[in-house]
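Here is the structure we will look at.
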Amino acid sequence: MTWRLGMLAAEVVFVIVYGTGVVRLSLWQRDEYWRKRDKDPKHPERFPNDRPQE
């Protein structure tokens, strides 16, 4: 019985770590896609010259 709880805990930790890695990789790939097109990854609809002057 205790080994089942141990395995369940290990599987939960694995799913959380793996899921976090997948999300981070996906967001990194999205940002790289927009950077290669010279756009701001957070606001890709803006053109580089459309940014307000500060």
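Let's see how each residue does on (1) in a loop (DSSP other than H, G, I, E, B); (2) at pLDDT 80 or above; (3) surrounded by 10 or more Cβ atoms within 10 Å (Cβ to Cβ):
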| site | (1), (2), (3) |
| --- | --- |
| R4 | no, yes, no |
| M7 | no, yes, yes |
| F14 | no, yes, yes |
| E32 | no, yes, yes |
| R35 | no, yes, yes |
| R46 | yes, no, yes |
| E54 | yes, no, no |
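Spot the failing condition for K39; the list is (1) open to solvent by 100 Å² or more (accessible area, probe 1.4 Å); (2) over 17 Å from the mean Cα position of the chain (by Cα), and only one is missed.
So K39 meets the others, but not (1).
The values are calculated or read from the model by the stated rules, or taken from the named source; none is laboratory data. The structure displayed is predicted, hence computed values, not measured ones. As a convention, Cβ positions derive from the backbone with ideal geometry for all residues, glycine included, and neighbour counts pool all protein chains shown. For the accessible areas, the whole protein counts, side chains as well, though only heavy atoms, and no ligand, DNA or RNA atoms are used. Shrake-Rupley method; radii C 1.70, N 1.55, O 1.52, S 1.80 Å.
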